[in-house]
């Protein structure tokens, strides 16, 4: 699904390289203003890949353990280990990073 120009613009307003609590607050603020679909599009634009809800995460990955703000996972399709970042409310998982590339 192509990302809208609006989502690309908003992606610059949600930095992923900030702390977990600050990221959660930014996402909540943006969610209140823009809605879940648009926030998912923004995260997808920043991460360059999927954004998963809990059910989608479990379809794609085996969860090893949680270490906030990350979940350690094993991708089911190829056995690659890595982490995904997550947001508490709404529960979204994003930014998969293969082990050794964090």
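The values are calculated or read from the model by the stated rules, or taken from the named source; none is laboratory data. Because the structure is a prediction, the values reported are computed rather than measured. Every residue, glycine among them, receives a Cβ derived from its backbone with ideal geometry; neighbour counts consider all protein chains shown.
Can you name the residue in segment 67-102 that is loosely packed, with under 11 Cβ neighbours inside 10 Å and over 14 Å from the mean Cα position of the chain (by Cα) and, of all such residues, is modelled with the lowest pLDDT?
Of the residues in segment 67-102, the ones loosely packed, with under 11 Cβ neighbours inside 10 Å are 67, 77-79, 89, 100-102.
Within this subset, residues satisfying the condition of being over 14 Å from the mean Cα position of the chain (by Cα) are 67, 77-79, 100-102.
Values: 67: 85, 77: 96, 78: 97, 79: 97, 100: 67, 101: 54, 102: 46.
Per the stated criteria, the residue is 102.
Here is a check on your reading of the model: is residue 13 in a helix (DSSP H, G or I) and either on the phi < 0 side of the Ramachandran plot or at pLDDT 85 or above (or both)? Break it down into steps so the answer makes sense when it comes.
Details: in a helix (DSSP H, G or I): no; either on the phi < 0 side of the Ramachandran plot or at pLDDT 85 or above (or both): yes.
So residue 13 fails the test.
Would you point out the residue of segment 29-85, among those that are in contact (Cβ under 8 Å) with a residue 40 or more places away in the chain and not in a helix (DSSP H, G or I), that is nearest to residue 99 (Cα to Cα)?
Across segment 29-85, the extreme among qualifying residues is 85.
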